[in-house]
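Below is one structure, written out as structure tokens; the observations come after it.
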Amino acid sequence: MTRSDGLERALIVIRADGLATYRRQTMDSASGRWKASGPDCGLYDSVESAEAEARARIWWLAN
């Protein structure tokens, strides 16, 4: 899920332990490449739960 201006995105990840999480990642405007993603934002039992939490907590996904 990428913000409309293309400067940030949220990644839904299934971890090696089988739990899901989401991570935020920003664009490096100078290079045009994505920077390293941020840390896990919570642990969830499913991709759907991780996405629902991301949508609730990230302002540009809630709109």
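The values are calculated or read from the model by the stated rules, or taken from the named source; none is laboratory data. Worth saying up front: this structure is predicted, and the values here are computed from it rather than measured. Because the Cβ atoms are built from the backbone with ideal geometry, glycine has one as well, and the counts that use them run over all protein chains shown. What goes into the accessible areas is simple: the full protein's heavy atoms, side chains included, and nothing from ligands, DNA or RNA. Shrake-Rupley method; radii C 1.70, N 1.55, O 1.52, S 1.80 Å.
Taking segment 32-52 as the range and being outside any loop (DSSP other than H, G, I, E, B), open to solvent by less than 50 Å² (accessible area, probe 1.4 Å) and not polar (S, T, N, Q) as the test, the residues that pass are Tyr44, Ala50. Identify the residue in segment 1-19 that is of a type in the set (Gly, Ala, Ser) and more than 15 Å from the chain's Cα centre (by Cα) and, among all such residues, is most open to solvent (accessible area, probe 1.4 Å). By that ranking, first place goes to Ala16. Filtered by the rule that a residue be at pLDDT below 95 and basic (Lys, Arg), segment 21-47 gives no residues. Listed by first and then second residue, the pairs linking a residue in segment 33-48 that is under 9 Å from Thr21 (Cα atoms) to a residue that is β-branched (Val, Ile, Thr), with Cβ atoms under 8 Å apart and 6 or more places separating them unless they lie on different chains, are Asp40/Val13; Asp40/Thr21; Cys41/Thr21; Gly42/Thr21; Leu43/Thr21; Tyr44/Thr21; Val47/Ile12; Val47/Ile14.
Residues in segment 22-38 that are in contact with a Lys or Arg (Cβ under 7 Å, 6 or more places away or on another chain) and farther than 15 Å from Met1 by Cβ: Asp28 alone.
Within segment 53-63, count every residue that is touching a helix residue (DSSP H, G or I) at 6+ places or on another chain (Cβ under 7 Å) and surrounded by 11 or more Cβ atoms within 10 Å (Cβ to Cβ).
Of all residues in segment 53-63, those touching a helix residue (DSSP H, G or I) at 6+ places or on another chain (Cβ under 7 Å) come to 54-56, 61-62.
Pick out the ones that are also surrounded by 11 or more Cβ atoms within 10 Å (Cβ to Cβ) and you get 54-55, 61.
Of the residues in segment 53-63, 3 are touching a helix residue (DSSP H, G or I) at 6+ places or on another chain (Cβ under 7 Å) and surrounded by 11 or more Cβ atoms within 10 Å (Cβ to Cβ).
Whenever a residue of segment 1-29 is under 10 Å from Leu43 (Cα atoms) and outside any strand (DSSP E or B), its partners that are open to solvent by less than 50 Å² (accessible area, probe 1.4 Å) and not acidic (Asp, Glu), lying with C-beta atoms within less than 8 angstrom and at least six residues away or across chains, give the pairs Arg15/Thr21; Leu19/Tyr44. Taken together, Ser46, Ser29, Ser37 contain a single residue that is of a type in the set (Gly, Ala, Ser) and under 10 Å from the mean Cα position of the chain (by Cα), which is Ser37. Residue check: Ala56 meets all listed conditions (1) touching a residue at least 24 places away in the same chain (Cβ under 8 Å); (2) not in a loop (DSSP other than H, G, I, E, B) but one, namely (1).
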